[in-house]
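Comments concern the structure below.
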Amino acid sequence: MNVMVERKPVVLLIAEDDQEMRSLLCDELWDLGVSIREAADGDEALRSVLDTRPTLILTDLRMPAGGLDYISRLRTFAPGVPIVLLTSFGDSQTRADALAIGVEAYFDKPVRLSELKGAVRRLLGPALDGKTN
């Protein structure tokens with residue numbers, strides 16, 4: 001299901017197959033004053049990137065149509081768009097591979113929401129126009 005809620009021109013794409021986790025991330029990051037677009041799998045996320053170029057992509061690694069190949073495709077379709085990666089199944093090699101293909105931030109689950117929000121704020125920088133509630 002793709003949902004788009006307009007608040008301002010900063011668009012955050014949250015790609016996560018677990019509905020509860022996706023809702024939690026949306027609720028937490030909504031406070032930043034961004035528009036949020038949701039995707040439940042990698043294919044939906046790629047379509048969303050093509051439809052609405054997001055300002056930042058926050059994605060789970062392991063989900064339907066996911067994985068490092070999916071991250072590489074995101075990089076191809078959204079060059080220059082920061083990617084924040086979340087995973088429950090990471091290790092040092094996965095982290096190294098993700099960073100090598102251009103992931104700007106990598107978090108193991110369970111993620112500390114304050115650290116995640118800090119990374120998103122840092123990566124969005126001036127696009128937030130000082131709105132960092």
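Read the figures in this text as sums done on the coordinates, not as results from a lab. It should be emphasised that the depicted structure is a prediction, and the values quoted were computed from it without experimental measurement. Please note: Cβ atoms are built from the backbone with ideal geometry, for glycine as well, and neighbour counts cover all protein chains shown.
Computed values, structure above
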| read-out | value |
| --- | --- |
| Any hit, the range 116-126, residues being over 19 Å from Leu32 (Cα atoms) and over 15 Å from the mean Cα position of the chain (by Cα) | no |
| Among the candidates Thr87, Thr52, residue that is under 23 Å from Arg122 (Cα atoms), more than 13 Å from the chain's Cα centre (by Cα) and not charged (D, E, K, R) | Thr52 |
| Counted residues, the range 7-48 - those being under 19 Å from Gly102 (Cα atoms) and either small (Gly, Ala, Ser) or out of contact with any strand residue (DSSP E or B) (no Cβ under 7 Å at 6 or more places or on another chain) (or both) | 4 |
| Single match in Ala96, Ala105, Ala78 (criterion: among the hydrophobic types (A, V, I, L, M, F, W, C) and more than 20 Å from Leu116 (Cα to Cα)) | Ala78 |
| Residue check, Asp17 of a type in the set (Asp, Glu) and either without any contact (Cβ under 8 Å) to a residue 40 or more places away in the chain or under 22 Å from Ala127 (Cβ atoms) (or both) | no |
| Evaluation of Arg95 against (1) surrounded by fewer than 13 Cβ atoms within 10 Å (Cβ to Cβ); (2) part of a helix (DSSP H, G or I) (one fails), failing number | (1) |
